[in-house]
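Asker: Got a structure for you, questions after.
The values are calculated or read from the model by the stated rules, or taken from the named source; none is laboratory data. Note that the structure is a prediction, hence the values are computed from the model and not measured. Positions of Cβ are generated from backbone atoms using ideal geometry, with glycine treated the same way; all protein chains shown enter the neighbour counts.
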Amino acid sequence: MTPSPTFSPTPSPASPLRRRAALVTAAALAAALGLTACGSGDKGGGDRQGSAGDGGTHVVKTAMGDVQVKNAPQRVVVLDTAELDSALTLGVKPVGAAHSDVSTGFPSYLPKEKTEGIKDVGAMSTPNMEAIAALKPDLILTSKVRHGDKYAALKGIAPTVMTESTGAPWKENFQLHAEALGKQAEAKKVVDDYAARARGLAEAIGGAEKAAATKVNIVRFVEGADIRIYGKKNYIGTILADAGLGRPAITDQAPKGFSYDVSPEQIDKAEADVIFYATYGDAEKSKERRTTEGGLWKNLTAVKNGKAFKVDDELWIQGIGYTAASRILDDMRVKLTT
């Protein structure tokens with residue numbers, strides 16, 4: 001670079017030092033401008049710097065505070081079934097995912113072509129940190145209720161976006177996942193399609209009044225635990241509400257709205273017009289076989305009328321996302337209209 005005559009009209013012994021200082025200052029300024037262009041993220045959820053194609057970032061407000069993530073993350077790891085459903089629903093194939101503790105692989109309701117090639121990083125409750133790190137993710141999705149105690153380790157690997165909980169707030173969680181993935185436009189279409197499908201189910205049953213008069217219970221047999229009669233404040237409860245279906249009085253007695261737990265000898269409390277039941281784990285160990293072969297179960301109105309339907313636990317209970325929810329609505333429509 002030729003020195004400007006304004007600053008160095010005549011050569012002097014100090015000129016090289018001044019030139020070197022000027023170059024250092026210019027380099028520092030260029031670096032600072034470069035950082036600003038790439039974006040450190042303004043304070044405030046969703047503020048963006050740059051664009052999806054230029055490596056920009058944005059800030060997402062999470063259960064663990066503000067997290068800066070890439071506008072278009074390419075190597076995503078998900079640590080629960082809800083996050084896996086969200087990512088695939090939004091057209092993002094994770095590089096890694098955790099599996100449900102009582103099974104291997106990923107939920108069977110998800111198309112194989114969408115899950116093929118995703119690296120299994122361990123059981124949901126005990127994800128393998130080394131396996132996650134080896135994938136070099138640029139985003140990790142999970143929830144505080146699942147992995148809050150592992151947050152320090154996870155954020156040391158990649159920006160980690162945690163929702164507060166899972167289950168009942170699945171719709172809000174989906175919006176956070178969409179924000180983290182930079183897929184808000186796609187999310188709106190998914191939500192609109194689901195809402196139309198839910199309205200269609202009520203119409204297929206015979207209208208809103210008939211749907212509301214149809215009392216539906218969800219029963220889950222759980223290996224190592226009591227039998228659950230699901231209340232209204234959980235994932236499947238919100239889907240029934242969206243479809244306008246009625247619920248028996250027992251659902252209002254569920255602690256915190258989640259589930260009213262019973263033994264096989266109390267299964268008569270599941271009385272309803274329609275029962276959908278699922279099993280988590282072994283049929284024997286979960287008390288499914290013992291219960292469904294007993295007299296109390298066989299005397300339930302839904303069972304006597306052929307309206308007790310066994311359903312896929314991975315889909316109805318574990319899915320917790322819009323792809324699963326849409327499939328559930330389709331399943332209900334078939335069972336309730338034929």
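Asker: Among the residues of the stretch 304-335, which ones are crowded, with 16+ Cβ neighbours inside 10 Å and more than 27 Å from residue 166 (Cβ to Cβ)? Even if it seems obvious, please write down each step before you answer.
Answerer: First pass over the stretch 304-335, keeping only residues crowded, with 16+ Cβ neighbours inside 10 Å: 307-309, 311-329, 331-333.
Within the stretch 304-335, 307, 308 meet the criteria.
Asker: What are the pairs with Cβ atoms under 6 angstrom where one residue, in the stretch 235-257, is in contact (Cβ under 8 Å) with a residue 40 or more places away in the chain and farther than 22 Å from residue 209 by Cβ and the other, located anywhere, is of a type in the set (A, V, I, L, M, F, W, C) and not in a helix (DSSP H, G or I)? Sequence gap at least six, or different chains.
Answerer: Note: pairs meeting the criteria are 235/320; 236/218.
Asker: How many residues are of a type in the set (Gly, Ala, Ser), touching a strand residue (DSSP E or B) at 6+ places or on another chain (Cβ under 8 Å) and assigned to a helix (DSSP H, G or I) when one looks only at the stretch 279-338?
Answerer: First, pick out the residues of the stretch 279-338 that are of a type in the set (Gly, Ala, Ser): 281, 283, 286, 294-295, 302, 306, 308, 319, 321, 324-326.
Within this subset, residues satisfying the condition of being touching a strand residue (DSSP E or B) at 6+ places or on another chain (Cβ under 8 Å) are 281, 283, 286, 302, 308.
Restricting the remaining residues to those that are assigned to a helix (DSSP H, G or I) gives 302.
Of the residues in the stretch 279-338, 1 are of a type in the set (Gly, Ala, Ser), touching a strand residue (DSSP E or B) at 6+ places or on another chain (Cβ under 8 Å) and assigned to a helix (DSSP H, G or I).
Asker: Report, ordered by the first and then the second residue, all pairs with beta carbons closer than 7 Å, sequence separation of six or more or different chains, a first member in the stretch 194-205 that is part of a helix (DSSP H, G or I), and a second member that is of a type in the set (D, E, K, R).
Answerer: Final answer for the pair search is 198/242; 201/333; 204/333.
Asker: Is it true that some residue in the stretch 71-84 is more than 15 Å from residue 181 (Cβ to Cβ), surrounded by fewer than 23 Cβ atoms within 10 Å (Cβ to Cβ) and at pLDDT 95 or above?
Answerer: The answer is no, given that none of the residues of the stretch 71-84 is more than 15 Å from residue 181 (Cβ to Cβ), surrounded by fewer than 23 Cβ atoms within 10 Å (Cβ to Cβ) and at pLDDT 95 or above.
Asker: Let me ask something else. Kindly evaluate residue 125 against the criterion of being among the polar types (S, T, N, Q), touching a Lys or Arg at 6+ places or on another chain (Cβ under 8 Å) and exposed (fewer than 14 other Cβ atoms within 10 Å of the Cβ).
Answerer: Yes.
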